[in-house]
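Chemist: Provided herewith is a single structure, encoded as structure tokens, for subsequent inquiry.
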Amino acid sequence: MNAVNIPQIVNLQQLIMFIFGVLKSELFFKIIIFPGIFTILITVSELIWLERKYLAKMQLRVGPQYAGRIAGILQPVADFIKLLFKETIIPEKADKIFFQIVPIILVTVAATTLTVIPLSETDVISNLGVGLLFTFAILAMFPILALLAGWASNSKYPFIGGIRALFQQISYEVPLWFSALGVVILAGSLNFVDIVRAQETFWFILLLPLGALIFLVAMTAELERIPFDLPEAETEIVSGWIAEYSGMNYALIMLSLYIKLYFASAMFTALFLGGWLGPSILPPAFWFLTKTFIVALVLMTIRGVLPRVRLADLIKIGWERLLILSLVNIILAIVVKLVLLGVY
Amino acid sequence: MAVEEFIPILIFQVCLVIMFVLALIISRIVSPRNPDPMKTTPFECGEELIGSEEGRTQFVMQYYPYLLMFLIFDVSSMFLFAWAVAFSTFTLENNLSIIIFILVISSLLGYSLYYAAKKESWK
């Protein structure tokens, strides 16, 4: 990874040349265009459209239809423009500074997780040695931000939603970590590129089906999606911690939620489905995005068919089923690793 | 691990923050503003407020034992990650001691789950 070297800048011409050099550099292209911001926004808007259309088909509705020529494919863009012109209401009793900065922090933090996930061997913004730990460290920020949003709103429903978000996400974080631990044992690295390279013979979903299942369930809980959408349960607590947000703030929060969906699918792909690996007829990034969309479709199907769990069952599933199963999964991973090594 | 690896992430974050702050500013400029006392009260499904106006009420922490368990397992899983990276470089005896540690964690989990379920008040 080539970091930006800062040269000695003497006069204006050199400064302009330096800025042009940065703009033309490979790093800047990566950050802005290909694995970076532009690609993330395009993919996420496609995911939003796909989810709305797919859920509509499952519920025998039509779904988005008019924006864009083909089946309302530009609906997310139209929604964004609509929300841009909507009035932003900030409650009088709210903590205005925190209320306002939470959407920005949330969307930035959500997108930051995607910087370490490789779309192909070279298409990664930062090939971080501790990539997996980095993503988990950032995932741990979401419950805090949800609680902060609920607290700053100073309203009853958002506060309940924020407390629920905190509780749910700490319950499901430990199974998530332990299920990824099996992958780390098999791959012997925390770097995503190394983890994908280790899957050239077998995808880890074949070696650790239990771990993949636990990861998917725990990730659904981390994403606050149905059946684990207690923090934003519409029929119980309006919209949970999002209830007081409107206008552009709401658009940013929804964007961050769908960036999290993209991130969860991408992470599942990198950890269990062999990342960019596939027949070399098509470019590696194509395989990666295809697998990511398939995982996202699985998550959408889960959303379409399952009801919401009860709060008491949430604890039972998290602590008494998933955590114990993930400890079993660690033992299974050790056995698989020993068989693969063939040493002992 | 080098510090340079984090610089692209920092640039990425700065770009995003600039982008979204701009979006918020543009939204503030183009959107209408019709202040109304009913709009800025806390949202309660369109009804008038019931009870106190303060949203930050006190809660029964039925799940406090689970929070304590989270602290223990979060830290221990960090140590397990460090071990998992170096798994293939250890000998069987060294790995066996970690496996015994995992079993000890499991028994701890069993006891704390039993204790937490006893405390639970919403059955």
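The values are calculated or read from the model by the stated rules, or taken from the named source; none is laboratory data. On a predicted model such as this, the values are computed, not experimentally measured, just so you know. For neighbour counting, all protein chains shown are included, and Cβ atoms are generated from backbone atoms with ideal geometry for every residue, glycine included.
Chemist: Of all residues in the stretch B:36-51, which are under 29 Å from the mean Cα position of the chain (by Cα) and more than 17 Å from A:D95 (Cα to Cα)?
Modeler: Of everything in the stretch B:36-51, those that are under 29 Å from the mean Cα position of the chain (by Cα) and more than 17 Å from A:D95 (Cα to Cα) turn out to be B:E44, B:C45.
Chemist: Another question, if that's okay. Determine, yes or no, whether A:L186 is at the interface with chain B (Cβ under 7 Å from one of its Cβ atoms), of a type in the set (A, V, I, L, M, F, W, C), under 28 Å from A:L289 (Cβ atoms) and in contact with a Leu (Cβ under 9 Å, 6 or more places away or on another chain). Walk me through it before giving the result.
Modeler: On the way: at the interface with chain B (Cβ under 7 Å from one of its Cβ atoms): no; of a type in the set (A, V, I, L, M, F, W, C): yes; under 28 Å from A:L289 (Cβ atoms): yes; in contact with a Leu (Cβ under 9 Å, 6 or more places away or on another chain): yes.
Answer is no for this residue.
Chemist: Now, a different point. Listed residues B:P42, B:P65; which is touching a Lys or Arg at 6+ places or on another chain (Cβ under 6 Å) and surrounded by 11 or more Cβ atoms within 10 Å (Cβ to Cβ)? Walk me through how you get there before you give the answer.
Modeler: Working: B:P42 fails: touching a Lys or Arg at 6+ places or on another chain (Cβ under 6 Å).
Just one listed residue meets the conditions, B:P65.
Chemist: Something else now. Given the structure, is B:S112 under 15 Å from A:A333 (Cβ atoms) and either surrounded by fewer than 14 Cβ atoms within 10 Å (Cβ to Cβ) or under 23 Å from the mean Cα position of the chain (by Cα) (or both)? I'd like the intermediate steps shown before the answer.
Modeler: Values: under 15 Å from A:A333 (Cβ atoms): no; either surrounded by fewer than 14 Cβ atoms within 10 Å (Cβ to Cβ) or under 23 Å from the mean Cα position of the chain (by Cα) (or both): yes.
Answer is no for this residue.
Chemist: Determine whether the stretch A:179-187 contains at least one residue that is under 18 Å from the mean Cα position of the chain (by Cα) and in a helix (DSSP H, G or I).
Modeler: Residues of the stretch A:179-187 that are under 18 Å from the mean Cα position of the chain (by Cα), as a first pass: A:179-180.
Imposing the further condition that a residue be in a helix (DSSP H, G or I) reduces the set to A:179-180.
Yes, the stretch A:179-187 has at least one match.
Chemist: For the stretch A:306-344, enumerate the residues that are closer than 17 Å to A:L223 by Cα and either more than 11 Å from chain B (Cβ to nearest Cβ) or in contact with a Ser or Thr (Cβ under 6 Å, 6 or more places away or on another chain) (or both).
Modeler: Within the stretch A:306-344, A:L306, A:P307, A:R308, A:V309, A:I317, A:G318, A:L322 meet the criteria.
Chemist: Name the residues in the stretch B:7-20 that are more than 7 Å from chain A (Cβ to nearest Cβ) and either closer than 17 Å to A:I138 by Cα or in a loop (DSSP other than H, G, I, E, B) (or both), would you?
Modeler: Of everything in the stretch B:7-20, those that are more than 7 Å from chain A (Cβ to nearest Cβ) and either closer than 17 Å to A:I138 by Cα or in a loop (DSSP other than H, G, I, E, B) (or both) turn out to be B:L10, B:V14.
Chemist: Next up: Residues B:P37, B:P65, B:P42: which one is within 30 Å of B:Y111 (Cα to Cα) and either in contact (Cβ under 8 Å) with a residue 12 or more places away in the chain or outside the structural domain of B:L109 (by TED's automatic domain parsing) (or both)?
Modeler: B:P65
Chemist: Which one of the conditions (1) within 13 Å of another protein chain (Cβ to nearest Cβ); (2) out of contact with any Gly (no Cβ under 9 Å at 6 or more places or on another chain) does A:L84 fail to meet, given that it meets all the rest?
Modeler: (2)
Chemist: Does A:T108 satisfy the criteria of being without any contact (Cβ under 8 Å) to a residue 24 or more places away in the chain, out of contact with any His (no Cβ under 8 Å at 6 or more places or on another chain), within 30 Å of B:R33 (Cβ to Cβ) and within 13 Å of another protein chain (Cβ to nearest Cβ)?
Modeler: Numbers: without any contact (Cβ under 8 Å) to a residue 24 or more places away in the chain: yes; out of contact with any His (no Cβ under 8 Å at 6 or more places or on another chain): yes; within 30 Å of B:R33 (Cβ to Cβ): yes; within 13 Å of another protein chain (Cβ to nearest Cβ): yes.
Answer is yes for this residue.
Chemist: May I pose another question? For the structure I just gave you, tell me whether A:I101 is more than 7 Å from chain B (Cβ to nearest Cβ), within 19 Å of B:V21 (Cα to Cα) and either outside any helix (DSSP H, G or I) or without any contact (Cβ under 8 Å) to a residue 60 or more places away in the chain (or both).
Modeler: Details: more than 7 Å from chain B (Cβ to nearest Cβ): yes; within 19 Å of B:V21 (Cα to Cα): yes; either outside any helix (DSSP H, G or I) or without any contact (Cβ under 8 Å) to a residue 60 or more places away in the chain (or both): yes.
Taking the combined requirement at face value, the residue satisfies it.
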